[in-house]
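The structure appears right after this line, and notes come after that.
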Amino acid sequence: MDWPGFVRRHLLADGRISDAETAIIRRAVLANNKVDREEVAFLLRLKREANSVHPDFDKFLFQIVRSVVRADGVISDTETQWLREVIMSDGQASGAEREFITRLRSEAGSVGKEFERLHTEVMQVQQTDFWG
């Protein structure tokens with residue numbers, strides 16, 4: 001069975017990810033106390049396929065991404081490349097994504113030139129919003 005597809009179809013049946021659905025997703029993702037890039041990719045796909053997401057979903061998603069890339073306090077070029085794919089996969093950036101990158105930049109112990117380029121890129125692309 002295609003579990004990710006099954007879950008996506010049911011969560012996105014109405015095109016929205018609500019606060020209640022966000023709570024369910026949070027419990028499921030954090031159940032084993034470990035989050036990896038595959039789970040982040042799943043969450044991102046949910047976000048991209050939804051017509052709208054509750055702000056709590058974005059908040060949770062960004063917490064998860066932050067924990068993955070800041071595990072060692074340094075945002076490497078490899079992690080930045082992954083972040084670029086995560087944030088810029090659709091060529092746009094929501095206000096929440098812009099805020100996230102700016103906050104991540106200020107919280108990180110160290111960032112490289114690639115991260116600085118990503119920050120600039122995110123600030124320059126068209127802004128979109130996913131909830132309304």
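Tabulated data for the structure shown
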| item | result |
| --- | --- |
| Members of the stretch 16-31 that are hydrophobic (A, V, I, L, M, F, W, C) and either assigned to a loop (DSSP other than H, G, I, E, B) or in contact with a strand residue (DSSP E or B) (Cβ under 8 Å, 6 or more places away or on another chain) (or both) | Ile17, Ile25, Ala31 |
| Hits in the stretch 60-86 - residues which are without any contact (Cβ under 8 Å) to a residue 24 or more places away in the chain and within 13 Å of the chain's Cα centre (by Cα) | Leu61, Gln63, Glu85 |
| Residue count, the stretch 9-20 (criterion: out of contact with any Phe, Trp or Tyr (no Cβ under 8 Å at 6 or more places or on another chain) and either more than 21 Å from Phe62 (Cα to Cα) or surrounded by 14 or more Cβ atoms within 10 Å (Cβ to Cβ) (or both)) | 8 |
| Pick from the stretch 62-113, criterion basic (Lys, Arg) and surrounded by fewer than 14 Cβ atoms within 10 Å (Cβ to Cβ), ranking: nearest to Ala41 (Cα to Cα) | Arg103 |
| Filter result for Phe57 (buried (at least 18 other Cβ atoms within 10 Å of the Cβ), touching a Ser or Thr at 6+ places or on another chain (Cβ under 6 Å) and in a helix (DSSP H, G or I)) | yes |
| Residue count, the stretch 5-14 (criterion: in contact (Cβ under 8 Å) with a residue 24 or more places away in the chain and either aromatic (Phe, Trp, Tyr) or touching a strand residue (DSSP E or B) at 6+ places or on another chain (Cβ under 7 Å) (or both)) | 1 |
| Near pairs, Cβ below 8 angstrom, 6+ apart or cross-chain, from the stretch 18-39 (closer than 16 Å to His54 by Cβ) to any residue that is among the β-branched types (Val, Ile, Thr) and surrounded by 14 or more Cβ atoms within 10 Å (Cβ to Cβ) | Thr22/Val53; Ile25/Ile17; Val29/Val35; Val29/Ile64 |
| Single condition Lys34 does not satisfy, out of (1) in a helix (DSSP H, G or I); (2) among the basic types (Lys, Arg); (3) loosely packed, with under 15 Cβ neighbours inside 10 Å | (1) |
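Read the figures in this text as sums done on the coordinates, not as results from a lab. Note that the coordinates shown come from a computational prediction; the quantities given were computed from them, not determined experimentally. Every residue, glycine among them, receives a Cβ derived from its backbone with ideal geometry; neighbour counts consider all protein chains shown.
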